[in-house]
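The values are calculated or read from the model by the stated rules, or taken from the named source; none is laboratory data. Given the structure is predicted, the values throughout are model-derived calculations rather than measurements. Ideal geometry is used to build each Cβ from the backbone, glycine not excepted, and the neighbour counts take in all protein chains shown.
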Amino acid sequence: MTQQANSTSKTATAIAHPNIALSKYWGKQTFGHNLPAVPSLSLTLRGMQTKTSVTFDGALASDAFELNGQPAEGVVLQRVTQMLDRVRALGGSAERAHVVSSNDFPTASGLASSASAFAALATAATHALGLQLSRDVLSDLARRISVSAARSLFGGFVELRAGVPSDEALSANEVAGPDFWDVAIVVAVTREGAKDVGSSDGMKHTRDTSPYYKAWVDSAPATFTHLRAGLLERDLTKMGPAIEQSALSMHAGALAANPAILYFSGATVEVIHAVRKMRAGGLEGYLTIDAGPHVKVFTRGADAEKVAAYLASVPGVLRTITARPGAGATVVAG
Ligand code: PMV
């Protein structure tokens, strides 16, 4: 890792893509800082992106954040400032920053916008201060604000192990690049607008109140290992059941929290049934669901259009988005 402060470069723009976990992260360790309790494995997606520009300016009295054309405040701004504080500490700067970010897909709705947001922010902010950090260090930085963001630093299939007490840093790493396998994720969008319970609150509530949380933490590593092996063999039929078990076990744990956390809408359940019917009809694809009502189907690249048409015909599906393996976060200007 090399760190270089360059006082003349104060602005930079980065893009990052969301990632969808095939083997889910849900729950933080009770020790350390923002360490995941279970391993996860995701696919970084092109076709959806966050673009973020950061400008450090000595004349600013506080950080300002504009998201999708609107000034953001409250918790959203606080998380941005937390990231900027870490970057300022690394770069030895006290300057406040103006951050402008936009997503070309629904924000905070279970489409992994926090992953691409904090991967792009970590990349742009460090670059703006002239810091040259490795992808590993940026991944660790992003993970401290949003665990899933650690994975969006990398392209293709990415893993993040569970945290252990001795971890001072924890970064994701690439398992296989974007060109490893011609696959796609088709998102069945079932609602526009923000979700009810954010993932951080949802997983904390699950850990604190769900009798199934321990079973989830105990069983997730074996699901992850099976899925990872299937991936390296490019074996969709082997990976598929583990993809669905990971997501549905995560939601079962959340449903058993007190009070229950229910991310599904009626259309979510319709799509679950439809995907089973689709497979029974010979079109192979496996579903996953995050902290929101959308259903994402992992399938072969050659079948993506057929899967998208199938999902679009399910009652309650507003539209579909087809995304293919993409690259890690990159600086585009500055
Ligand atoms: O790190 P967060 O707060 O974006 O949580 C991500 C949680 C899930 O999207 C449900 C699963 C995952 O591994 O991405």
Qualifying residue in the stretch 253-271 (condition: closer than 27 Å to Ala184 by Cα, assigned to a helix (DSSP H, G or I) and free of Cβ contacts under 8 Å to residues at least 12 places away in the same chain): yes
Test: residue in the stretch 184-198 that is within 15 Å of the ligand (Cβ to nearest atom), at pLDDT below 95, under 24 Å from Leu84 (Cα atoms) and not in a strand (DSSP E or B): yes
Cβ pairs under 7 Å, 6+ apart, first in the stretch 215-228 and of a type in the set (S, T, N, Q), second buried (at least 17 other Cβ atoms within 10 Å of the Cβ): Ser219/Ser249; Thr223/Ser23; Thr223/Ala242; Thr223/Gln245; Thr223/Ser246
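When residues of the stretch 274-283 are filtered for being within 26 Å of the chain's Cα centre (by Cα) and surrounded by fewer than 16 Cβ atoms within 10 Å (Cβ to Cβ), how many remain?
Within the stretch 274-283, the first condition is being within 26 Å of the chain's Cα centre (by Cα), and the residues that meet it are 274-276.
Restricting the remaining residues to those that are surrounded by fewer than 16 Cβ atoms within 10 Å (Cβ to Cβ) gives 276.
Adding up the residues that qualify gives 1.
Table: residues versus (1) within 16 Å of the ligand (Cβ to nearest atom); (2) part of a helix (DSSP H, G or I); (3) among the hydroxyl-bearing types (Ser, Thr, Tyr); (4) out of contact with any Asp or Glu (no Cβ under 7 Å at 6 or more places or on another chain).
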{"position": "Ser53", "(1), (2), (3), (4)": "no, no, yes, yes"}
{"position": "Phe56", "(1), (2), (3), (4)": "no, no, no, no"}
{"position": "Ser62", "(1), (2), (3), (4)": "no, no, yes, yes"}
{"position": "Val80", "(1), (2), (3), (4)": "yes, yes, no, no"}
{"position": "Leu84", "(1), (2), (3), (4)": "no, yes, no, no"}
{"position": "Val100", "(1), (2), (3), (4)": "no, no, no, no"}
{"position": "Ser114", "(1), (2), (3), (4)": "yes, yes, yes, yes"}
{"position": "Ala117", "(1), (2), (3), (4)": "yes, yes, no, yes"}
{"position": "Leu131", "(1), (2), (3), (4)": "no, no, no, yes"}
Exclusive hit being surrounded by 15 or more Cβ atoms within 10 Å (Cβ to Cβ) and in contact with a His (Cβ under 6 Å, 6 or more places away or on another chain), set Ala257, Ala247, Ala267: Ala257
Any hit, the stretch 64-76, residues being within 16 Å of the ligand (Cβ to nearest atom) and within 30 Å of Thr299 (Cβ to Cβ): no
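Check the stretch 241-249 and report whether any residue there is part of a loop (DSSP other than H, G, I, E, B), under 19 Å from the mean Cα position of the chain (by Cα) and within 16 Å of the ligand (Cβ to nearest atom). Give the derivation first.
Restricting attention to the stretch 241-249, the residues satisfying the condition of being part of a loop (DSSP other than H, G, I, E, B) are none.
For the stretch 241-249, residues part of a loop (DSSP other than H, G, I, E, B), under 19 Å from the mean Cα position of the chain (by Cα) and within 16 Å of the ligand (Cβ to nearest atom): absent.
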Residue in the stretch 117-124 that is modelled with pLDDT under 95, out of contact with any His (no Cβ under 7 Å at 6 or more places or on another chain) and among the hydrophobic types (A, V, I, L, M, F, W, C) present: no
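Does Ala149 satisfy the criteria of being under 25 Å from Leu248 (Cβ atoms) and within 15 Å of the ligand (Cβ to nearest atom)? Break it down stepwise before answering.
Numbers: under 25 Å from Leu248 (Cβ atoms): yes; within 15 Å of the ligand (Cβ to nearest atom): yes.
Answer is yes for this residue.
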Residue tally, condition within 26 Å of Gly198 (Cα to Cα), outside any loop (DSSP other than H, G, I, E, B) and hydrophobic (A, V, I, L, M, F, W, C), over the stretch 285-334: 7
For Lys204: the one exception among (1) surrounded by fewer than 18 Cβ atoms within 10 Å (Cβ to Cβ); (2) more than 18 Å from the chain's Cα centre (by Cα); (3) of a type in the set (Lys, Arg); (4) not in a loop (DSSP other than H, G, I, E, B): (2)
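How many residues does the stretch 152-172 contain that are among the charged types (D, E, K, R) and over 14 Å from Phe31 (Cβ atoms)? So that I can check it myself, show each step before the final result.
Going residue by residue through the stretch 152-172, those that are among the charged types (D, E, K, R) are 159, 161, 167-168.
Within this subset, residues satisfying the condition of being over 14 Å from Phe31 (Cβ atoms) are 159, 161.
Residues meeting the conditions: 2.
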